[in-house]
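Computed from the coordinates by the stated procedures, all read-outs in this text should not be read as laboratory data. Since the model is a prediction, treat every value here as computed from it, not as a measurement. Every residue, glycine as well, gets a Cβ built from its backbone with ideal geometry; the counts of neighbours run over all protein chains shown.
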Amino acid sequence: MTDVRPNRFDTLAIHAGQHPDPTTGDAIPAIHVTSTYVQDGIGGLRGGYEYSRGGNPTRTSLEEQLAAIEGGAQGISFASGLAAEDALLRAVLSPGDHVLVPNDVYGGTHRLVRTIHGKAGIQHTTVDTADLDAVRAAIRPESKVLWVETPSNPLMKISDIPALAGLAREAGLLLVVDNTFASPALQRPLDLGADVVVHSTTKYLGGHSDVVGGAVVVANGGEELAEQVRYVQFAAGAVSSPFDAFLTTRGIKTLSVRMQRHSETAQTLAERLIEHPAVARVLYPGLPDHPGHKTAAHQMSRFGGMISLELAGGERAARTFAESTRVFLLAESLGGVESLVNYPSEMTHASVRGTEAEVSPSIVRLSVGLEDVTDLLDDVEQALDRIR
Ligand SMILES: *Cc1c(COP(=O)(O)O)cnc(C)c1O
C-alpha cells in the first residue's frame, strides 16, 4: 500500500485550514462577515467564537494555513506586516530591552523599532547580519531579539539562518526571521532554527497586490510566546478582516507555482542584466558571484523573484531607468503577479534616509512578476538603452 502522507508543502498550502462546510458541502469555506456570534445562553459559544476581534472562522482558516506552511505551532494574522511586527515586539520587549536589526532592514521595520518602540524605551543597534562576528560583537546584556531579513530588502544580502540560530541560542536571544522575500515555498526559517517568522502577507503570500496583511508564525515549543502575541492581537486589535483573510488564503494556494515561475524568470533576467554596460552590479542570490550564493543555495530551494540593480550612471541613470519601463510598473511593494520597479532611496526606503540603513541612490529594485519572460527582458533592455 502507498504511504499516504498529505503533509507536504504543496498539499498543505491548499488544504490546511480549509474544512469543507458540513451543512452545505461548500468546498471553499464561506467568508464569515460577522462582527459577533449568537450565544446559546450566556457564555454558550457555538464554536469558541464570541466577537470577531478575538476570533473569526475565516481568520482561523488563514492562521491554520500559515502555521502549516511555515511548519510552526501557531500562525497569528494581522492587518499589515508592520502590525504583525509591532505585536510581536510588544509581546516580547519591556522598557530597557535591546534589539539587533539588520543594517539594511526593511525601512518600515527600522522606523517601527526606532520611533514607536524607541519611544517606549526600547534600544536598538543596526548590524550586518551576514557577518557573524559583527552580530556577536553587537550583543549586549539587555539584548532580547535578533531580527533577520534574508534575502534583505533591497540589497539582497543573505544571512545564514542556522548559524544565527546557534548564536541566538547561546546568547539567549529570540531569533526572528522576516520571511517576506523568500516565502515558505523557498525557505522555512523555523526548520532552520529560528524561533519566529514574520511576514508581510501583502507581498508573495497574498500574491496579487490586492490585500494588505501580516503574520507572525511561532515555532513548535513556543506556545507560550504564541499566547502572548495572540493576546496583543486581541487586546491591541490590529486584526485582519474576514475578506482580507480570505484573499490571503486564496493567494497562498498558488504560492508554490508562483514562486517557481518568479524564480525562473528572475534568474533569466539577472543573467541578462549583468551583460548590459549600463549595469554596474546585479544583486541576485542566484548568481554564482553573489557573496551569499552558497548560503542561499543551502537554505533556499530557489532564489526568488527580487532583483536589485546598481546602475553605472548613478542616481540619474537609476531614476531614468525606473521611469522608463513599460511592463514593470513604477510602484512600491512587491510579490504580485505583475512586475514592479521601485526606486528605494525615495520610495520604499525614504524613511531611512540619513540613518545607517540609507540605500544608495544608484539602486533600483525589481519585483519580477509572472508575465512573459521575453516581454520582461525587452522591457528592461529598452529602459537601460535610454540611459546611454
Ligand atoms: C512590505 C514589507 C514589510 C511591511 O509589511 P506591510 O504589509 O507593508 O505592513 C515588512 N517586511 C518586508 C521585508 C516587507 O517587504
| task | Pop the C-beta distance of TYR231 and ALA297 into the FRET formula with R0 = 30 Å and round what comes out to the nearest 0.05. | result | 0.15
| query | In terms of Cα to Cα distance under 12 Å, which aspartates and glutamates are near enough to LYS253, apart from those fewer than 8 places away along the same chain? | reply | ASP10
| remark: Looks like segment 124-235, by Cα gyration tensor root eigenvalues a ≥ b ≥ c and the a/c under 1.5 rounded cutoff (else prolate when a/b is bigger than b/c, oblate otherwise), is oblate
| Full-stretch length increase - ASP378, ILE274 - with 0.36 nm per residue and alpha-carbon distance subtracted | 36.0 nm
| task | Convert each backbone phi in segment 30-39 into a coupling constant with the Karplus relation 6.51 cos²θ - 1.76 cosθ + 1.60 (shift: θ = phi - 60°), then list the ³J(HN,Hα) values in order as whole Hz, x for Gly and Pro. | result | 5, 7, 7, 7, 9, 8, 9, 9, 5, 9
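For a quick check: sort ASP244, ASP160 by the number of other beta carbons within 10 angstrom, fewest at the front.
ASP160, ASP244
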| message | Through the Karplus equation 6.51 cos²θ - 1.76 cosθ + 1.60, θ set to phi - 60°, convert the phi angles of segment 120-127 into ³J(HN,Hα) values in whole Hz; use x for Gly and Pro. | response | 8, x, 8, 9, 9, 10, 8, 8
| task | Sequence neighbours fewer than 8 away in the same chain don't count; with that in mind, list the lysines whose C-alpha is under 17 Å from LYS294. | result | LYS157
| query | Long-range amide H contacts for ASN103: which residues qualify at under 5 Å (H placed 1.01 Å from N, peptide plane, sequence gap of 5 or more or a different chain)? | reply | VAL127, ASP128, THR129
| If r is the Cβ-Cβ distance from ALA134 to SER360 and R0 is 22 Å, what FRET efficiency results, to the nearest 0.05? | 0.65
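Please report, in debye to the nearest 20, how large the charge dipole of segment 256-385 is about its Cα centre when each Lys and Arg carries +1 at its beta carbon and each Asp and Glu carries -1 there.
Magnitude of the dipole: close to 400 debye.
Of all DSSP beta bridges in segment 9-252, what percent run antiparallel (nearest 5)?
Working: 11 of 27 bridges.
Expressed as a percentage, antiparallel bridges in segment 9-252 total about 40.
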| request: Can you grab the distance from the C-alpha centre of segment 205-228 to the C-alpha centre of segment 1-66, Å, no decimals? | output: 16 Å
| query | Which of the peptides 232-241, 33-42 is most tightly packed, and how do the rest follow, judged by the mean count of other Cβ atoms within 10 Å per residue? | reply | 232-241, 33-42
| When the chain is treated as a GNM, springs tying every alpha-carbon pair under 10 Å, which of LEU175, LEU255, LEU377 comes out with the largest mean-square fluctuation? | LEU377
| remark: ASN220 and GLU315 label points (each 7 Å along its Cα→Cβ direction) are spaced in nm at 5.2 nm
| note | The farthest towards the positive end of the charge dipole of the chain, of the residues THR201, ILE122, TYR37, given +1 on Cβ of Lys and Arg and -1 on Cβ of Asp and Glu, is ILE122
| remark: Amide H neighbours of GLY213 at under 5 Å, excluding residues fewer than 5 places away on the same chain, with H built from the backbone geometry, are GLY81, THR201, THR202
| task | Using 0.36 nm per residue of separation minus the Cα-Cα distance, give me the extension gain between GLU346 and ASP191 in nm, one decimal. | result | 52.2 nm
| How much net charge surrounds THR180 when only the other residues with a Cβ under 9 Å from the Cβ of THR180 are counted, with Lys and Arg +1 and Asp and Glu -1? | -1
| field | Alpha carbon centroid spacing (whole Å) that separates segment 231-283 from segment 358-387 | value | 16 Å
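I need the helices of the chain that pass two filters: whole DSSP H segments spanning 24 Å or more by Cα along the axis, and mean Kyte-Doolittle score no lower than -1.0.
On the way: long enough: 255-273 (26 Å, -0.66).
TM-like helix candidates: 255-273.
How much length would be gained if the chain were fully extended between VAL337 and VAL38, taking 0.36 nm per residue of separation minus their Cα-Cα distance, in nm to one decimal?
Details: separation 299, 0.36 × 299 = 107.64 nm, distance 4.00 nm.
Extra length available between VAL337 and VAL38 comes to 103.6 nm.
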| Options ALA67, GLY81, SER94, ranked by Cα towards positive dipole end of segment 51-130, top entry (Cβ charges) | SER94
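Counting only DSSP beta bridges with both residues in segment 256-385, tell me the antiparallel percent, nearest 5.
Numbers: 12 of 14 bridges.
Given both bridge residues lie in segment 256-385, the antiparallel proportion sits at roughly 85 percent.
Counting only C-alpha contacts under 8 Å and six or more residues apart, can you give the relative contact order of segment 256-385 as a whole percent? Write down the numbers at each step before the final one.
Details: 233 pairs, mean separation 35.1, N = 130.
Over segment 256-385, the number comes to 27 percent.
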| In terms of modelled amide H atoms, which long-range or inter-chain residues lie less than 5 Å from the amide H of LEU329? | SER339, LEU340, VAL341
| Mind checking which of LEU155, LEU167, LEU366 has the largest fluctuation in a GNM of the chain, springs on alpha carbons under 10 Å? | LEU167
| remark: Per GNM of the chain with C-alpha springs under 10 angstrom, the most fluctuating residue out of GLY292, GLY304, GLY48 is GLY48
